[in-house]
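Everything below concerns the one structure shown next.
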Amino acid sequence: MSALAQIIDLKTADVNTAEADTQQELTDGFHLVIDALKLNGVTTIYGVPGIPITDLGRMAQAEGMRVISFRHEQNAGNAAAIAGFLTKKPGVCLTVSAPGFLNGLTALANATTNCFPMILISGSSEREIVDLQQGDYEEMDQLAIAKPLCKAAFRVLHAADIGIAVARAIRAAVSGRPGGVYLDLPAKLLSQVIAAETGARSLVKVIDAAPAQLPAPSAIKRALDLLTKAKRPLIVLGKGAAYAQADDAIRALVEQSGIPYVPMSMAKGLLPDTHPLSAGAARSTALKDSDVVLLIGARLNWLLSHGKGKTWGEPGSKKFIQIDIEPREMDSNVEIVAPVVGDIGSCVQALLDAMGGRWPTPPSEWIDALKARREANIAKMAPRLAKNSSPMDFHGALGALRTVIRERPDAILVNEGANTLDLARGIIDMYQPRKRLDVGTWGVMGIGMGFAVAAAVETGKPVLAVEGDSAFGFSGMEVETICRYKLPVCIVVFNNNGIYRGTDVNPTGGEDVATTVFVADSRYDKMIEAFGGVGYNVTTPDELSRAVNEAMDSGKPTLINAVIDPAAGTESGNIGSLNPQSVVKKKK
Ligand code: ADP
Ligand code: MG
């Protein structure tokens, strides 16, 4: 008898009496969900247990899956989302109904926005009661609420449909532009019983979940006509390019064409930031002065100033070629003169094949101009990074961490905050693909510990999470999770006593501190000690560097409280312009 089937009390079971008489092998919704996920290669579930999915998690663990329980669903959801980004398979998050579902939904929406494949599976209450709004335990029409926030949303009412539902969820998550999928599992479904054989036959193994999408030869020709005639060509690599795992082809494209490139933040390391063709340190000049820009898996959204304005130089000075799997992305903000629709691996390979290695060399004035700018910027920054002051400023602290990553290029860097994010993105060079995980398209806070957990679980590599003190607070309780699973995660909290900085004062002179200020001189390192992890309190870049190296050598869960000058930050980091400030002074 299969481990999944069981003989149960047939009087309570939802099977016909003819089957009951023969006492045949049975299965139920719980087992079918687990079987369907396992059949499709899902090995890990991130979630928070509770009604009605407690047993689902328990049984998944019993069936050999890794089930990572979090303290809050949003963090479990973020873990699933980044697992999807790292593996090209949907990350799975499991939550309870209503409030747990809503907590997970933030992560699902964020995954969809970032094009990360993820499946949020939530238990739900009785359909009959929910639909009549009769006030069930955790009553909520979860399917309707999830729909506008993800790529697809499905509810399963019959155990025999679980196989198809899981297959559809997987396909929807990873095919085309990846994104989030919601799967609604009412409590009643989980305990629904059917014949084991019927159940086994109902499972679907998804073949070729994300089929290659080849670009049209005419689109390739149009793109190459433009690119090869450009005087100041530029490639912009986005996180879609990192996700695509077409690393060798992308490297070949850059190196064979000799075209400089700028990586978006999560595409850093696709080629090492120290590569001679990297224009990362000359980003502003590269964007402004280029004449033809090839976007690979990067959208012209706010992170690229929508492809216009002073970031991009004179109006009309630019022609865009865009490689993306989503046809509707073309012309989203400005005209795309050469759209190349298809998966990045196939599109980049098609460009390489069509050229057959006969790329013209880009004009040397362009290459030299970017090189000069890059060297000047790096030279200007160097003394600030080497400063060993106490209290630290951001540059001094990040200079130390930059060396750590240079010496440990296979470590995964998780990064969130305002100043901590903006400055780390520029200062810390990355050397390998998919090693930098950060706040992504929304610039959202709270991804830190969820990403750190999944990065460690999925890759087995050491993780360095560089967190602003405010950003850390959104997911900080997961230090217990990190300790519980003994993950090799080193968290560095850049503690400047507040949001942006810790020096604001209450304008009324009242007893409450200013709205952006935290408890002064907090010791975040004590938090992890409470759960058996290792804490450090450091005040200089030298101390920081020693502590991080010790932590990463030990592989133990570690939290380093890095004391940063409370006056060091700027309002909203690099995006202060998005934070409107009142100019109206009210008369007292
Ligand atoms: P960044 O923020 O780094 O600029 P974006 O999230 O804006 O990156 O852009 C990623 C883009 O990559 C999305 O438009 C998405 O459709 C696209 N994309 C994701 N995976 C693939 C793939 N395998 N092939 C082609 N395009 C992809
Ligand atoms: Mg702060």
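One table, with the values for the structure above:
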read-out: Among the candidates 286, 298, residue that is part of a helix (DSSP H, G or I) and crowded, with 21+ Cβ neighbours inside 10 Å; value: 286
read-out: 3 or more residues free of Cβ contacts under 8 Å to residues at least 40 places away in the same chain: qualifying strands (runs of 3 or more DSSP E) within the stretch 43-160; value: 152-155
read-out: Filtered residues of the stretch 472-523 (kept if at positive phi and more than 10 Å from ligand 2 (Cβ to nearest atom)); value: 486, 509, 521
read-out: Check on residue 287, touching a Leu at 6+ places or on another chain (Cβ under 9 Å) and either more than 16 Å from ligand 2 (Cβ to nearest atom) or modelled with pLDDT of 95 or more (or both); value: yes
read-out: Residue in the stretch 220-233 that is modelled with pLDDT of 95 or more and within 16 Å of ligand 1 (Cβ to nearest atom) present; value: yes
read-out: Top-ranked residue of the stretch 415-443 - restricted to ones that are within 16 Å of ligand 1 (Cβ to nearest atom) and β-branched (Val, Ile, Thr), ranked as nearest to residue 82 (Cα to Cα); value: 439
read-out: Check on residue 505, in a loop (DSSP other than H, G, I, E, B) and over 20 Å from residue 393 (Cα atoms); value: yes
read-out: Filter result (among the hydroxyl-bearing types (Ser, Thr, Tyr) and assigned to a helix (DSSP H, G or I)) within the stretch 173-221; value: 198, 202, 218
read-out: Within the stretch 382-418, tally of residues that are crowded, with 24+ Cβ neighbours inside 10 Å and among the polar types (S, T, N, Q); value: 1
read-out: Boolean, residue 573 is farther than 16 Å from residue 390 by Cα and either within 16 Å of ligand 2 (Cβ to nearest atom) or at pLDDT 85 or above (or both); value: yes
read-out: Any chance residue 456 is away from ligand 2 (no atom under 14 Å from the Cβ), buried (at least 16 other Cβ atoms within 10 Å of the Cβ) and among the aliphatic types (A, V, I, L, M); value: yes
read-out: Residue within the stretch 300-309 that is within 10 Å of ligand 1 (Cβ to nearest atom) and under 25 Å from residue 352 (Cα atoms) present; value: yes
read-out: Residue within the stretch 125-136 that is in the same structural domain as residue 167 (by TED's automatic domain parsing), within 18 Å of residue 33 (Cα to Cα) and either surrounded by 24 or more Cβ atoms within 10 Å (Cβ to Cβ) or out of contact with any strand residue (DSSP E or B) (no Cβ under 8 Å at 6 or more places or on another chain) (or both) present; value: no
read-out: Residue pairs meeting the criteria (Cβ under 7 Å; at least 6 apart or on separate chains; first on the phi < 0 side of the Ramachandran plot, in the stretch 559-580; second modelled with pLDDT under 80 and part of a loop (DSSP other than H, G, I, E, B)); value: 578/572; 579/571; 579/572
read-out: Residue check, residue 452 away from ligand 1 (no atom under 16 Å from the Cβ) and over 19 Å from residue 88 (Cα atoms); value: no
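The values are calculated or read from the model by the stated rules, or taken from the named source; none is laboratory data. In this text the structure is predicted, and so the values were computed from the model without any measurement. Cβ sites come from the backbone with ideal geometry, for glycine too, and all protein chains shown count toward neighbours.
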